[in-house]
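Here's the structure, in structure tokens; my notes come after.
The values are calculated or read from the model by the stated rules, or taken from the named source; none is laboratory data. No experiment lies behind these values; they were computed from the predicted model shown. Every residue, glycine among them, receives a Cβ derived from its backbone with ideal geometry; neighbour counts consider all protein chains shown. For the accessible areas, the whole protein counts, side chains as well, though only heavy atoms, and no ligand, DNA or RNA atoms are used. Shrake-Rupley method; radii C 1.70, N 1.55, O 1.52, S 1.80 Å.
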Amino acid sequence: MNVVVDLLTTQYTYALFALLMGIGLYMMVASENLVKKVIGLNVFQTALFLFFVSSAYVVGGSAPIVPSGASGRFVSPLPQVIVLTAIVVGVALTAVALSLIVRIYGEYGTLREEALREVRADE
Amino acid sequence: MSDATLAPIGLIVVPIIAAALSLAAGLVRDRSGWMVALAALLVEAVLMIWLVDAVYRGPGRLVHELGAYGRPGSDGFAVGIELVADELSVLVVVLISVVSLGVLAISRRGGPRGNAFYSAYLLLAGGLMGVSLTGDLFNMFVFLEIVGLATYTLVAADRSAESAVAALKYLLIGTTGASLFLVGVGYLFLATGTLNMADLAAMLAGEPSFVEEALYGDTLVVAGFGFITAGLLVKSAIFPLHTWQPDAYSAAADSVTVYISALASTVAAYAFARVMLTVFTPAFFEVNPIAATAIVTLASVSIVAGSVLAVMQRRVKRMLAYSSVSQFGLIIAAIGIAVHPAAVDAGIPFAGIERTAAEFAVIGTAIHLVGHGLIKGGLFAAVGTIARTEGARTVAEYAELGRRAPVRSAAIAVLALALVGVPPTVGFLGKWYIALGAVGAGLWPLAVVIFASTVLTLTYVARLLERLYFTPRSVALPDRVAADGGTAAAGEPISPTVGAIVVIVLATIGVVALGFAGTEVTEALDPFIAEVFNS
């Protein structure tokens, strides 16, 4: 029991990462709505950002911007760079996904997967 | 400048800059994108030849440190990102460069022609080069996403509503795959503190002075392996993660289908081979033999399921798409054999030299990656122009095409037989080495699957060939005109473009010629094999 409490109080960001990842994946699979699927994808990717940022965390560390000659504790800069890059990738993907959804809506007049399948089966 | 380590940078940067140029040129003149793409890809071809010369005939493995941060410290860890060109990656680079030029020739007349299309096209070429040449895991993720983004837009470039749906499906599944890959990379990073592939391999093996023992049994590392495998298997369309692929292939414009079928999954499978052979190395699988068994099992299921689904298809494009599921199963299986503990020590004397089953599997992987890319690219190119000029899209509509489109039909026949693995084609060569590896390692179920899949492949290929040459049209298609959507029904027959025919014929000749190149490829790959198995 103590182990669990310890884990939840000190490492809760990792638990949150797993939870968010699960929620995001579930949204993508279970939601009927195409926009919600994309939101699910975003939640999934945000979980990843949280994972990398928490892996960089050092108790009492400050942002890794180091003026020459300075000393002290800094958080690890590499995961932060990874997150920055991953955010850019995520934004680009969301933009492409939404533009595709706009086109699908224009063609079929629906955002629901089920209705879309029916419309396409009729053609 | 005669430093060949500059070639990898050029190969990645030139198409990406040209992609921006293509968009800018569109502001000045419409439809100038093709010229920009041609110029960029010709530069690529020159750089590719330079790299081939340096790697195969010169010093071998080339490393370029971006930013020249070097490897400071006693353990010599890389600080910046490294680009690595070795015998395996250059093989893929050659394929990308050749196929890019070929597809450009087809799309001159056939494909979408806007400047935005060529911009995405060049971006895709740059991304593919990046995946092949990077020596850094996170960098690989970024390039995989560039490849993904460019592919999604290219699939949707066909303007039809169907292609938008296929592209969105591809986007959702493909991005999930790439994100899973990133989770795996994150786990490895937490376990080792580095992202450089060579350093990661050293850390996992416990080589640096501050590491007490090998990390192969570490839970984090094993979990990382799981995530990376799942992510890359999505990207290479392995059953049951393949569902995006048939839709994307059949809904995309013809020239796009050629490009992505020849390269997108190929590069993902290459990435898988690279991570398994270079980062995890066979030593990881000796500690976790179940991991190798899992890869081989998943791949075997994919081989059979892909073939069975292909047999069931009516549309030729979908049939070929499902056949890719099966063929990539074969490639992933080969990678699984290459790292399988049972294969590493199993020696087979062949052609005077004794090699292990694992070495044969590596050779098979490399040959089948390149060979399948050429075969599928050529097939989709032929099928695409036939759909355009003859209006034939289903297997039934292919009746008597052997008389009406003799050159393309002959090309389809040769390429399809290469897909089955009939000698003397590259399809036979790849399958031969892989089967040799499977038998040598004593993985009998897999060997049975490979031979069974050959029969299944023959089933759907024979059906197509029978239509092409032996079925009279009147019997097969009483009302063909209504079915073809008006392209050929307009009365005037459309003739295929010269570019497309030349590309199809060259692909066919290449597939047969490479069937004789087994020894050359083997010798070219030897340094890479030595590095994987003797380190």
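Some points to look at:
- Degrees separating the helix B:137-156 axis from the principal Cα axis of chain B, which is the longest one: 10 degrees
- Ordered from largest to smallest accessible area (heavy atoms of protein chains, 1.4 Å probe), the residues B:W50, B:W244, B:W444 come out as B:W444, B:W50, B:W244.
- Rounded to 0.05, the FRET efficiency of the B:R159 and A:Y12 pair, given R0 = 51 Å and the Cβ-Cβ distance, is 0.60.
- Positive-pole candidate from B:F117, B:V407, B:A342, dipole of the protein assembly as shown, charges at beta carbon: B:V407
- Charge dipole magnitude, Cβ of K and R +1, D and E -1 - the range B:159-308, Cα centre, debye nearest 20: 500 debye
- Using C-alpha pairs below 8 Å separated by at least 6 residues, the relative contact order for the range A:31-104 is 36 percent.
- Accessible area of the range B:414-466 belonging to carbon and sulfur atoms, whole % at 1.4 Å probe: 86 percent
- Paramagnetic reach from B:A513 (point 7 Å along Cα→Cβ, amide N under 17 Å) across the range B:407-444: B:411, B:415, B:424-427
- Between A:T110 and any residue 5 or more places off or on another chain, the built amide H atoms are never under 5 Å apart.
- Close amide-amide hydrogen proximity is noted between B:I348 and B:R355, B:T356, B:A357, each under 5 Å apart and 5 or more residues distant or on a separate chain (H modeled in the peptide plane; Pro and chain starts excluded).
- For A:K37, a cut-off of 15 angstrom between C-alpha atoms picks up these aspartates and glutamates, skipping any fewer than 8 places away in its own chain: A:E113, A:E114.
- Antiparallel bridges, percent of DSSP beta bridges restricted to the protein assembly as shown (to nearest 5): 90 percent
- Taking the charge dipole of the protein assembly as shown about its Cα centre, with +1 at Lys and Arg Cβ atoms and -1 at Asp and Glu Cβ atoms, the residue from B:L88, A:F52, B:L42 reaching farthest to the positive side is B:L42.
- Looking at the range B:231-337, the trypsin sites (Lys or Arg not before Pro) that sit in a DSSP loop and have at most 15 other Cβ atoms within 10 Å of their own Cβ are B:R314.
- Relative to the longest principal axis of the Cα atoms of chain B, helix B:518-534 runs at roughly 30 degrees.
- Cα gyration tensor, the protein assembly as shown - rounded (a/c under 1.5), prolate or oblate: prolate
- FRET efficiency for A:T110 and A:Y26, using Cβ-Cβ distance with R0 set to 30 Å, rounded to 0.05: 0.85
- Lys/Arg +1, Asp/Glu -1 at C-beta; the protein assembly as shown dipole; positive extreme among A:V119, B:F328, A:G72: A:V119
- Placing dummy labels 7 Å off each Cα toward the beta-carbon, the span from B:L66 to B:M312 is 4.4 nm.
- Measuring nothing but how far apart in sequence close Cα pairs (under 8 Å, 6+ apart) lie, relative to its length, chain B scores a relative contact order of 13 percent.
- Per-pair calculated FRET efficiency, R0 = 41 Å: A:V102 and A:L19 via Cβ, rounded to 0.05: 0.85
- Note on the range B:41-104: Kirkwood radius taken over Cα pairs, Stokes-Einstein applied at 10 °C and 1.306 mPa s, translational D equal to 120 µm² s⁻¹.
- Mean per-residue shielding of peptide B:159-166 is 5, counting Cβ atoms of other chains within 10 Å of each Cβ.
- Considering helices alone, the calculated mean residue ellipticity of the protein assembly as shown at 222 nm is -24500 deg cm²/dmol, with DSSP H runs of length four and up weighted by -39500 (n - 2.57) and normalised per residue.
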